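Visitor: This structure is in structure tokens; I'll ask about it shortly.
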Amino acid sequence: MFETLLLNFLFLLFPVLIVVIFFENKANRYNNKILVAMSAVTMLLCIAKPIQLDMGFIFDLRYVPFILVALFGGYKNVFPLYVLLNVYRFYVGGAGFLPSFLFSTAVVLAVPFFSKRFIRLRANRRIVWATAAAVLTMGIYLVVLGLMKGTLDSQFWLLTLYALTTHVMVMSILMILIEQIITNIKNRDRILHSERLNVVSELAASVSHEIRNPLTVTSGFLQLLKKSNNISPQEKDYVELSLQELNRAEKIVSDFLSFAKPQFGNMVHSNLRAEAEYTKNIIMPFAAIHKVEVQFTFSNTLNTSYDKNQIQQCLINLYKNGIEAMKEKGGGTLTIDISEKKQHILISIGDTGIGMTKDEITRLGKPYYSTKKEGTGLGMLMVYSAVNKVKGVIDVKSEKGKGTTFLIKIPV
Ligand code: ADP
Ligand code: MG
């Protein structure tokens, strides 16, 4: 019996192993299907090789992969497993088909119902709840079995004991492994992302610092030259134009420098109202040109410390992207809402533009990623960097063709 148990455990470990070895680096939607397929195979193997107790009872671990897929994947993903389970059970034959069918139907109706809430839980809680779900499923199954049998002898209690302990053990070990994989993937992504931001902001800081000095010197000499009496009016015009262009270059460099590190003089402790209204007014003409209506609501009372310039730049970049996304659709609505919730400032910026696919969302914030002809691909990088500095998080909801909403949560 112990050997069969180990064999079953091996079946269950197999998908976990495959994911770690082959798919950890590539998160995309095909992985889901592969995971479901592997769980299905595992489930069938579990049914095919049930655990034989010495006293003649059998039980198997089919509900472990079933519950895992139901909890993580919801109705959509568990449905193929449900069909497969019953088709296979029917094929195996025997008297147990109908009870098994009814029972799996009950499980498939009940468990995925909690999927959305389950996914939002913290890792530790998820381990506990998944284990509880496995025990509960097995428990109810045993109760039904007991009721059908009528007499509850010591053998039945022994079966109960074996079945429940194996389910608790197997489920909790699997969940610990799964959660560790999830944490590892998340950590690695976070490290990669902040590494990227660091490289870019350091580069920007050094480059812009080096360029600023020659710019200042050149513009100083040009100003002197402008005052000279020995040059013709036309030459004066040339000098004037050069000065204007130099000014522009200096501005771009300043933007980069402010992007690179928070400047002491710019730090304020406030509720974002001034920045939000200022940037909204700046963007209004740009919105009007592209027939975009701007809806602005502000209801935040919480104060936090931030770099004024960076936050302004960040908001402008988001507004600009929103408006540019609606440009191709010939107009739309830009919704800006700044509110508070549970010690967090919430900034929501929504547009009714072209939207993005899941793939495009994951690319956001990578340097030089742009789908626009004259895009720089630095706007979103700046946004992520600025939000990172105030310890905020960005959540992107987008639907291709419908629009995009950026939700920024800043802790106070
Ligand atoms: P740029 O605007 O110069 O292209 P960004 O870093 O600001 O660079 O944006 C990168 C890309 O992200 C854009 O080219 C666009 O494809 C996508 N993007 C950003 N915001 C939105 C939005 N609100 N709607 C649709 N796509 C967007
Ligand atoms: Mg942009």
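The values are calculated or read from the model by the stated rules, or taken from the named source; none is laboratory data. Computed from a prediction, not measured in an experiment: that's the story for all the values here. Positions of Cβ are backbone-derived with ideal geometry, glycine not excepted, and every protein chain shown enters the neighbour counts.
Visitor: Among the residues of segment 28-43, is there at least one that is at pLDDT 90 or above, on the phi < 0 side of the Ramachandran plot and touching a Lys or Arg at 6+ places or on another chain (Cβ under 6 Å)?
Guide: Within segment 28-43, one or more residues are at pLDDT 90 or above, on the phi < 0 side of the Ramachandran plot and touching a Lys or Arg at 6+ places or on another chain (Cβ under 6 Å).
Visitor: If you don't mind, there's one more thing I want to ask. Just to verify a result, which residue in segment 130-151, among those that are polar (S, T, N, Q) and touching a helix residue (DSSP H, G or I) at 6+ places or on another chain (Cβ under 6 Å), is modelled with the lowest pLDDT?
Guide: The residue in question is Thr137.
Each row is one residue, and each column tells you yes or no for (1) more than 16 Å from ligand 1 (Cβ to nearest atom); (2) of a type outside the set (Val, Ile, Thr); (3) farther than 20 Å from Lys391 by Cα; (4) at pLDDT 95 or above.
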residue	(1), (2), (3), (4)
Met267	yes, yes, no, no
Ser270	yes, yes, no, no
Gln295	no, yes, yes, yes
Tyr306	yes, yes, no, no
Cys314	no, yes, no, no
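Visitor: Under 9 Å by Cβ, and 6 or more places apart or on different chains, what pairs join a residue from segment 373-388 that is closer than 14 Å to Ile311 by Cβ with one that is within 6 Å of ligand 1 (Cβ to nearest atom)?
Guide: Pairs found: Met382/Asn317; Val383/Asn317; Val383/Asn321; Val383/Leu364; Tyr384/Leu364; Ala386/Asn317.
Visitor: Inside segment 276-304, can you point out the residues that are free of Cβ contacts under 8 Å to residues at least 40 places away in the same chain and not aliphatic (A, V, I, L, M)?
Guide: Glu277, Tyr278, Asn281, Pro285, Phe286, Thr301
Visitor: Follow-up question, since we're still on this one. Give me the pairs: first residue in segment 358-370 and in the same structural domain as Met382 (by TED's automatic domain parsing), second residue modelled with pLDDT of 80 or more and basic (Lys, Arg), beta-carbon distance under 6 Å, and six or more apart or on different chains, which are they?
Guide: Qualifying pairs under 6 Å: Tyr369/Arg363.
Visitor: May I pose another question? In segment 345-353, is there at least one residue being within 10 Å of ligand 2 (Cβ to nearest atom), more than 15 Å from Glu399 (Cβ to Cβ) and surrounded by fewer than 19 Cβ atoms within 10 Å (Cβ to Cβ)?
Guide: no
Visitor: List pairs: first in segment 316-337 and within 18 Å of Gly375 (Cα to Cα) and free of Cβ contacts under 8 Å to residues at least 40 places away in the same chain, second more than 10 Å from ligand 2 (Cβ to nearest atom) and part of a helix (DSSP H, G or I), Cβ under 7 Å, 6+ apart or cross-chain?
Guide: Ile316/Thr279; Ile316/Ile282; Ile316/Ile283
Visitor: Residues of segment 358-412 being of a type in the set (S, T, N, Q) and within 13 Å of ligand 2 (Cβ to nearest atom), which ones?
Guide: Of everything in segment 358-412, those that are of a type in the set (S, T, N, Q) and within 13 Å of ligand 2 (Cβ to nearest atom) turn out to be Ser370, Thr371, Thr376, Thr404.
Visitor: Between a first residue in segment 393-412 that is under 12 Å from Lys358 (Cβ atoms) and a second residue that is among the aromatic types (Phe, Trp, Tyr) and modelled with pLDDT of 95 or more, which pairs have beta carbons less than 8 Å apart while being 6 or more apart in sequence or on different chains?
Guide: Close Cβ pairs satisfying both conditions: Val396/Phe406.
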